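The values are calculated or read from the model by the stated rules, or taken from the named source; none is laboratory data. Predicted, not measured: the structure shown is a model, and the values here were computed from it. Note: ideal-geometry Cβ built from the backbone for every residue, glycine included; neighbour counts use all protein chains shown. Surface areas here come from the heavy atoms of the whole protein model, side chains and all, with no ligands, DNA or RNA. Shrake-Rupley method; radii C 1.70, N 1.55, O 1.52, S 1.80 Å.
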Amino acid sequence: MHIFITLAAGVSTRNGKDSYLGSGGFRKRKHDNFPHNQRREGKDVNSSSPVMLAFKSFQQELDARHDKYERLVKLSRDITVESKRTIFLLHRITSAPDMEEILTESEVKLDGVRQKILQVAQELSVEDMHQFHRAITTGLQEYVEAVSFQHFIKTRSLISMDEINKQLIFSTEDNGKENKTPSSDAQDKQCGTWRLKITPVDYLLGVADLTGELMRMCINSVGNGDIDTPFEVSQFLRQVYDGFSFIGNTGPYEVSKKLYTLKQSLAKVENACYALKVRGSEIPKHMLADVFSVKTEMIDQEEGIS
């Protein structure tokens with residue numbers, strides 16, 4: 001009996017590999033007997049076949065789409081940076097003696113931003129904008145924020161989406177030296193007109209970010225002894241908050257998410273107006289900013305605790 005078991009074990013381990021049979025064992029696969037370089041043998045694929053030609057065209061189309069997406073991401077980044085610089089420039093108005101000079105300089109910066117948007121419009125001249133919207137939405141929101149901030153400083157009102165879109169209609173004369181990216185479509189070259197429309201979501205998100213800049217403007221105004229601006233900003237923010245309240249949870253997720261930040265900005269501005277109204281006459285103007293900043297920190301701590 002012992003000899004029979006030994007012979008069976010020797011048979012199962014021949015060829016230097018285990019080939020245990022039975023329950024729980026391993027069965028040697030058939031292709032293990034062939035060399036590795038002979039396991040996969042096939043004929044050369046015909047590169048001129050209709051299937052290969054179709055897949056090559058798909059590859060070229062996908063590569064072109066990915067390259068365009070990356071170009072739009074870079075343009076959106078440039079639009080975001082230049083728009084932020086415009087906003088920082090506009091914040092100097094509260095302390096600058098000449099407001100018109102800063103507004104003129106901000107208009108020049110916004111013209112440079114529109115040249116970048118013109119390049120975006122040329123890239124999307126024959127494309128569906130919604131397929132590339134994710135690549136440009138950040139820059140468009142920042143542009144809406146900068147334009148609406150400038151418009152509020154000038155008129156103390158909110159710029160409409162139609163007014164913003166009218167500024168984004170470009171003709172051949174608007175294609176300046178800064179724009180070196182030609183249009184990809186011959187028909188657009190002949191027509192010489194490009195346009196890019198701000199979507200309602202981009203407009204709402206840009207206006208929601210505007211409230212934070214107005215809150216900072218209110219702080220700077222109080223620090224410079226300006227008592228009228230905080231009340232104007234407070235009334236404007238109440239109207240904006242009421243408008244967003246009508247949207248509620250029916251709008252996009254990003255809009256409802258920024259509604260909380262808008263409410264915080266409104267509370268801080270209203271707190272500043274309360275301090276000015278109640279204690280403004282007894283506190284020197286150069287100390288109003290300190291009182292306001294202390295109350296703002298108290299509000300932030302209470303919200304963090306709750």
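See the values below:
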{"read-out": "Residue satisfying all of: in the stretch 107-134; open to solvent by less than 10 Å² (accessible area, probe 1.4 Å) and touching a residue at least 60 places away in the same chain (Cβ under 8 Å); farthest from the chain's Cα centre (by Cα) among these", "value": "Gln122"}
{"read-out": "The stretch 44-68 residues that are not assigned by the TED database to the domain that holds Gln131 and open to solvent by 80 Å² or more (accessible area, probe 1.4 Å), paired with ones that are basic (Lys, Arg) and not in a loop (DSSP other than H, G, I, E, B) (beta carbon under 9 Å, 6 or more apart)", "value": "none"}
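One line per residue, one yes/no per condition, for (1) modelled with pLDDT of 65 or more; (2) small (Gly, Ala, Ser); (3) loosely packed, with under 13 Cβ neighbours inside 10 Å:
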| site | (1), (2), (3) |
| --- | --- |
| Ser184 | no, yes, no |
| Trp194 | yes, no, no |
| Thr199 | yes, no, no |
| Asp209 | yes, no, no |
| Met215 | yes, no, no |
| Cys218 | yes, no, no |
| Ser221 | yes, yes, no |
| Asn224 | yes, no, no |
| Ile227 | yes, no, no |
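Residues are listed down the side, and each one gets a yes or a no for (1) under 21 Å from Thr138 (Cβ atoms); (2) charged (D, E, K, R); (3) out of contact with any Lys or Arg (no Cβ under 8 Å at 6 or more places or on another chain); (4) not in a loop (DSSP other than H, G, I, E, B):
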residue: Tyr203; (1), (2), (3), (4): yes, no, yes, yes
residue: Gly206; (1), (2), (3), (4): yes, no, yes, yes
residue: Thr211; (1), (2), (3), (4): yes, no, yes, yes
residue: Leu214; (1), (2), (3), (4): yes, no, yes, yes
residue: Asn220; (1), (2), (3), (4): no, no, yes, yes
residue: Pro230; (1), (2), (3), (4): no, no, yes, yes
residue: Arg238; (1), (2), (3), (4): no, yes, yes, yes
residue: Gly243; (1), (2), (3), (4): no, no, yes, yes
residue: Glu254; (1), (2), (3), (4): yes, yes, yes, yes
